[in-house]
Amino acid sequence: MPRHGAWLWGAVVLAWTASGHAQAPCSDIRFPRGATGTTITGIASPEDVLCYSLATGAGQTARLRVTAGRNIIIGVDGVADGRDDLTFTTERRSYRVRVSQLFRSLSSERFTIAISVR
C-alpha cells in the first residue's frame, strides 16, 4: 500500500515535464559484479525530479525502497508513482526511475534508495 497519494506524484511529474526537464538524461543504476542489489544516494532539491535508468530481464522481481529521506518518493514510469517501497515483476527493458520530494520544502534532502533485482 503506498504511503503517499499517487495523485500528488502525478502533479510532480506534470510539473517536471512542463518545466522542460523531460529530456534530461537519466543516470544508469549499476550493480556490482555478481550482486543482485545496490543502493543509490543523492540529494533531492525542492524543484527537481531526479531520473535513473534500471535495465532488467524478463520475469525478475525488482524492489526499490527508500531507506533514508523522510520526504522522498520514487516512481517507475509505467509501473507506479509516489511510493517509498515498490516491488514489481519486470519485463526485459529499461525502466525510468524518478526520485523527488513529496512535499516541496525549503531545503534539499539527502536520500538513499535500496534496489534489488532477483
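The values are calculated or read from the model by the stated rules, or taken from the named source; none is laboratory data. Remember, it's a predicted structure, so these values are computed and weren't measured experimentally. Cβ coordinates were reconstructed from backbone atoms using ideal geometry, including for glycine residues, and neighbour counts include every protein chain displayed. Areas reflect the complete protein model, heavy atoms only, side chains present, ligands, DNA and RNA absent. Shrake-Rupley method; radii C 1.70, N 1.55, O 1.52, S 1.80 Å.
Taking 0.36 nm per residue of separation and subtracting the Cα-Cα distance, full extension of the segment from ALA114 to ILE43 would add 24.1 nm.
A probe of 1.4 angstrom, applied to the heavy atoms of all protein chains, finds SER108 with accessible area near 70 square angstrom. Within the assembled protein chains, the solvent-accessible surface assigned to ASP84 is about 40 Å², based on a 1.4 Å probe.
Other residues within the sphere of radius under 11 Å centred on the Cβ of GLY42, judged by their own Cβ, net out at -1 (K and R +1, D and E -1). GLY59 sits among other residues whose Cβ lies under 9 Å from its own Cβ, and their net charge, with Lys and Arg +1 and Asp and Glu -1, is 0.
Charge tally for SER116 (other residues, Cβ to Cβ under 14 Å; Lys, Arg +1; Asp, Glu -1): +3.
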